[in-house]
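Q: Attaching a single structure in structure tokens format; questions to follow.
The values are calculated or read from the model by the stated rules, or taken from the named source; none is laboratory data. This is a predicted model, so every value here is computed, not measured. As a convention, Cβ positions derive from the backbone with ideal geometry for all residues, glycine included, and neighbour counts pool all protein chains shown.
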Amino acid sequence: MEFPHFSPRRLLGRTGFVASRLGIGDLADRSIAKADLVSWLHRLMDAGLNVIDTAPGYESGYSEEVVGAALKGRREGMFLVDKIDLKDQPVAPQVEGSLRALDVEAIDLMVFHGVSSLAEWERLAASGGPFDELDDCIRAGKARFAGISCHDPVALSAAIRSGRCDVVLFPVGAAVDRRYIRECLPLCREHGVGSICFKTFGAGKLLGDTMGYGVPLKERPRGKVGSGGADVVASELPRLTVEACVRYTLTIDPDVALLGLSMPNEQDAALLAAAAFLPMSPDELAATEEAAAIAIQGKGRIHWNPDTTRPH
């Protein structure tokens, strides 16, 4: 199969930007040479992916450094997402720091990173609060649009309804709280808010034996095997395929599915799965959710699902 190319397909909310179905998530890794990481980003850009995400806290600034290098001479036509990590600190210095790190004149979308409760959202959106500071940055031309990245469906719903967010980032995948899918995504469509979604692979937990993002399991779960029911450590835990994860998220149909695709072989697997995409039936969606609930057990806290370690 030929290496796929993705054309822009849908307006990203009210931004006026026509985004590709897939976006480029963080792939910074200080153990890998910057030139290699930049070349792998260029590979995704050459495949037509035109949304790219970073944050100051990703690898302590290395992500912004890599993304900035990748955008040199290729800024036009790319939608750049960056984040305000320190939500209790002044906003303008953080935006200016990201502009310097990326070496760009403006960031397309600045979002408050990891909003995790309704109370936190209300504090950000209060009169004279951090969201007003971000609006000042937008008026000054340092950013174009505002939003949040969110780990709580109640807070996310309030943010979407507020009219203050142009685009929101939130989890969509087989191992997420179903309210993101059943309530938040329809709200985005109703209110003209762009949706950029992450956790297709459940931070890697759905694909491998990991606590997430490549962190090894602290203790491997034990199970019964054999006629005598001997207690053994499983050599490989249940897992989903790349194709199943990608098909699930694309069937749910956010504006952009943000995938953290680092190594070229990982890129190939995800891009080929997306190119061959056929929507799942309701029965297939339900079966994938059931398989994901099993595959993610014993792999640590699911931080993007509030107050639970199991989706519901």
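Q: Give me the pairs, please: first residue somewhere in region 275-291 and under 22 Å from ALA47 (Cβ atoms), second residue anywhere and at pLDDT below 95 and not β-branched (Val, Ile, Thr), beta-carbon distance under 6 Å, and either six or more positions apart or on two chains.
A: Pairs found: ALA275/PRO4.
Q: Among the residues of region 252-275, count how many are touching a Lys or Arg at 6+ places or on another chain (Cβ under 8 Å) and at pLDDT below 90. Steps first, please.
A: Of region 252-275, the ones touching a Lys or Arg at 6+ places or on another chain (Cβ under 8 Å) are 255-257, 264, 267, 273-274.
Next cut, at pLDDT below 90 only: 264.
Summing the residues that are touching a Lys or Arg at 6+ places or on another chain (Cβ under 8 Å) and at pLDDT below 90 in region 252-275 gives 1.
Q: As an exercise: evaluate TYR248 against (1) at pLDDT below 55; (2) in contact with a Gly (Cβ under 9 Å, 6 or more places away or on another chain) and give the number of the one condition it does not meet.
A: (1)
Q: Restricting to region 10-26, count the residues that are out of contact with any Asp or Glu (no Cβ under 9 Å at 6 or more places or on another chain), of a type outside the set (Gly, Ala, Ser) and part of a loop (DSSP other than H, G, I, E, B).
A: Pass one, region 10-26, residues out of contact with any Asp or Glu (no Cβ under 9 Å at 6 or more places or on another chain): 16, 18, 20, 22.
Pick out the ones that are also of a type outside the set (Gly, Ala, Ser) and you get 18, 22.
After this cut, where a residue has to be part of a loop (DSSP other than H, G, I, E, B) as well, the list is none.
Total satisfying the criteria: 0.
Q: Quick one: is ALA175 surrounded by fewer than 23 Cβ atoms within 10 Å (Cβ to Cβ) and either at negative phi or at pLDDT below 95 (or both)?
A: Working: surrounded by fewer than 23 Cβ atoms within 10 Å (Cβ to Cβ): no; either at negative phi or at pLDDT below 95 (or both): yes.
No; evaluated as a whole, the condition is false for this residue.
Q: Which of (1) assigned to a loop (DSSP other than H, G, I, E, B); (2) touching an Asp or Glu at 6+ places or on another chain (Cβ under 7 Å); (3) not acidic (Asp, Glu) is the odd one out, the single condition ARG74 does not satisfy?
A: (2)
Q: Tell me the helices (runs of 4 or more DSSP H) entirely within region 106-191 that contain at least 3 residues that are among the hydrophobic types (A, V, I, L, M, F, W, C) and closer than 18 Å to GLY13 by Cβ.
A: Numbers: elements: 118-125, 130-139, 153-162, 185-191.
It comes to 130-139, 153-162, 185-191.
Q: Next up: Do any residues in region 49-65 that are under 17 Å from PHE79 (Cα atoms) and in contact (Cβ under 8 Å) with a residue 12 or more places away in the chain have Cβ atoms under 6 Å from those of residues that are of a type in the set (Val, Ile, Thr) and in a loop (DSSP other than H, G, I, E, B), where the two are at least six apart or on different chains, and which pairs are they?
A: Short answer, once both residue conditions are applied: SER63/THR54; GLU64/THR54.
Q: Of all residues in region 246-272, which are touching a helix residue (DSSP H, G or I) at 6+ places or on another chain (Cβ under 7 Å), assigned to a helix (DSSP H, G or I) and surrounded by fewer than 20 Cβ atoms within 10 Å (Cβ to Cβ)?
A: THR251, PRO264, ALA269
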